[in-house]
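Undergrad: One structure coming up, written as C-alpha cells, with questions to follow.
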Amino acid sequence: MLDEVRIRPVSPEEAEDLSDIAWRAKTYWEYSADMMKEFRDFLTITEDFLEGNPSYLAEDEETEEKLGFYCLEVGEDGRWWLRHLWVAPEYIGTGIGGELFLHACEMAETVGADELYILSDPNCEEFYLHMGAEKIGTTTLNVGRIKRTLPVLRIKLQ
C-alpha cells in the first residue's frame, strides 16, 4: 500500500484519464482483443457521466499519480449503484480498491442510500464478497455483440 493516498472528487476534465485506467484495469483479466473491443463503450468514461454522478479518484498525494476511481449512480428505481470501480493494474492488490470501495459506501450513505448495488465482472465478485457484499442474483446483458451473465451484489450500509 502506498504511504499517502488521497481520495478526492473527480473533475469532468479527467474523463480521458479515467477511461485509460478502466481500460488498463480490464486488460488485467486477460480478455481477448476481440472481447476488449466489445467493452470499449462501457470503459469510456465521459465528461457528461462525471458531471451527473458522484465520482472519486484515489491518487498519490506526493506525485498526484492517479491510482483508481469509482462512480456512483442512482438508477431509475431509486437504488444506488456502484457503476465503476477501477484500479490501475500496477496497484491491484495494494489495498487501493478496498479504500475506494469503503469510500464509495460512505458516500452512498451520505446521499441517503441504505444499500449499494453492484453489477460485477465475474473476476471481481470475490473482492466484493470479501468486502461484505452479498450476491443477490445474476443478470444477462449484451456487451457489444456478446452476451454476458454477471453477478449482482448488494451491500447493506446501515
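The rows are residues; the columns are (1) under 14 Å from the mean Cα position of the chain (by Cα); (2) at negative phi.
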| site | (1), (2) |
| --- | --- |
| Arg24 | yes, yes |
| Glu30 | no, no |
| Ala33 | no, yes |
| Met36 | no, yes |
| Phe42 | yes, yes |
| Asp48 | no, yes |
| Phe69 | yes, yes |
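Undergrad: Considering (1) basic (Lys, Arg); (2) closer than 15 Å to Asp17 by Cα; (3) at pLDDT below 95, say which one Lys147 fails and leave the rest.
TA: With respect to (1) basic (Lys, Arg); (2) closer than 15 Å to Asp17 by Cα; (3) at pLDDT below 95, Lys147 is out only on (2).
Undergrad: Additional query: Can you pull out every residue in region 130-158 that is touching a Ser or Thr at 6+ places or on another chain (Cβ under 7 Å) and either hydrophobic (A, V, I, L, M, F, W, C) or not in a strand (DSSP E or B) (or both)?
TA: Selection gives Leu150, Val152, Leu153.
Quick grid of which residues meet (1) at pLDDT 95 or above; (2) under 26 Å from Thr139 (Cα atoms); (3) out of contact with any Lys or Arg (no Cβ under 6 Å at 6 or more places or on another chain); (4) not β-branched (Val, Ile, Thr):
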position	(1), (2), (3), (4)
Glu61	no, no, no, yes
Trp86	yes, yes, yes, yes
Gly93	no, no, yes, yes
Leu100	yes, yes, yes, yes
Met107	yes, yes, yes, yes
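Undergrad: Of all residues in region 1-12, count the ones that are crowded, with 16+ Cβ neighbours inside 10 Å and over 15 Å from the mean Cα position of the chain (by Cα).
TA: The initial filter retains those residues of region 1-12 that are crowded, with 16+ Cβ neighbours inside 10 Å, namely 2, 5, 7, 10.
With over 15 Å from the mean Cα position of the chain (by Cα) added as a condition, the list becomes 2, 5.
Selection size over region 1-12: 2.
Undergrad: Continuing with this model, one more query. State the number of residues belonging to region 70-90 that are of a type in the set (Phe, Trp, Tyr) and in contact (Cβ under 8 Å) with a residue 40 or more places away in the chain. Working first, answer last.
TA: Of the residues in region 70-90, the ones of a type in the set (Phe, Trp, Tyr) are 70, 80-81, 86.
Now narrow it down to the ones that are in contact (Cβ under 8 Å) with a residue 40 or more places away in the chain: 86.
So the count comes out to 1.
Undergrad: Determine, yes or no, whether Ala15 is part of a helix (DSSP H, G or I), within 11 Å of the chain's Cα centre (by Cα), crowded, with 18+ Cβ neighbours inside 10 Å and not acidic (Asp, Glu).
TA: Details: part of a helix (DSSP H, G or I): yes; within 11 Å of the chain's Cα centre (by Cα): no; crowded, with 18+ Cβ neighbours inside 10 Å: yes; not acidic (Asp, Glu): yes.
Against the criterion (part of a helix (DSSP H, G or I), within 11 Å of the chain's Cα centre (by Cα), crowded, with 18+ Cβ neighbours inside 10 Å and not acidic (Asp, Glu)), Ala15 does not qualify.
Undergrad: I would also like to ask the following. Write out, first by first residue and then by second, each pair whose Cβ atoms fall under 8 Å of each other, whose residues are 6+ apart or on separate chains, and whose first residue, in region 94-113, is under 10 Å from Ala58 (Cβ atoms) while the second is polar (S, T, N, Q) and in a helix (DSSP H, G or I).
TA: Sorted first by the residue in region 94-113, then by its partner, the list stays empty.
Undergrad: Hey, does region 37-47 have a residue that's buried (at least 18 other Cβ atoms within 10 Å of the Cβ) and at pLDDT below 95? I'd like the intermediate steps shown before the answer.
TA: Residues of region 37-47 buried (at least 18 other Cβ atoms within 10 Å of the Cβ): 39, 43, 45.
Going one step further and asking which of them are at pLDDT below 95, we end up with 39, 43.
Yes, some residue in region 37-47 is buried (at least 18 other Cβ atoms within 10 Å of the Cβ) and at pLDDT below 95.
Undergrad: Do we find a residue being surrounded by fewer than 16 Cβ atoms within 10 Å (Cβ to Cβ) and small (Gly, Ala, Ser) anywhere in region 23-31?
TA: Checked region 23-31: no residue is surrounded by fewer than 16 Cβ atoms within 10 Å (Cβ to Cβ) and small (Gly, Ala, Ser).
Undergrad: In region 18-33, what count of residues is obtained for those that are among the acidic types (Asp, Glu) and not in a helix (DSSP H, G or I)? Don't jump to the end; show me each part of the working.
TA: Residues of region 18-33 among the acidic types (Asp, Glu): 20, 30.
Going one step further and asking which of them are not in a helix (DSSP H, G or I), we end up with 30.
Summing the residues that are among the acidic types (Asp, Glu) and not in a helix (DSSP H, G or I) in region 18-33 gives 1.
Undergrad: Going through region 77-129 one residue at a time, which ones are assigned to a helix (DSSP H, G or I), of a type in the set (Val, Ile, Thr) and under 13 Å from the mean Cα position of the chain (by Cα)? Step through it out loud before you land on a result.
TA: Of the residues in region 77-129, the ones assigned to a helix (DSSP H, G or I) are 89-91, 96-110, 122-129.
Applying the additional criterion that residues be of a type in the set (Val, Ile, Thr) yields 96, 110.
Passing the criteria: only Ile96.
Undergrad: Another one. Restricting to region 34-49, and then to whatever is hydrophobic (A, V, I, L, M, F, W, C) and in a helix (DSSP H, G or I), can you tell me which residue is farthest from Pro12 (Cα to Cα)? Break it down into steps so the answer makes sense when it comes.
TA: Within region 34-49, the first condition is being hydrophobic (A, V, I, L, M, F, W, C), and the residues that meet it are 35-36, 39, 42-43, 45, 49.
Those still in the list that are in a helix (DSSP H, G or I) too: 35-36, 39, 42-43, 49.
Values: Met35: 27, Met36: 24, Phe39: 21, Phe42: 17, Leu43: 15, Phe49: 8 Å.
Once the filter is applied, the top-ranked residue is Met35.
The values are calculated or read from the model by the stated rules, or taken from the named source; none is laboratory data. Just so you know, these numbers come straight off a predicted model, no measurement behind them. Positions of Cβ are generated from backbone atoms using ideal geometry, with glycine treated the same way; all protein chains shown enter the neighbour counts.
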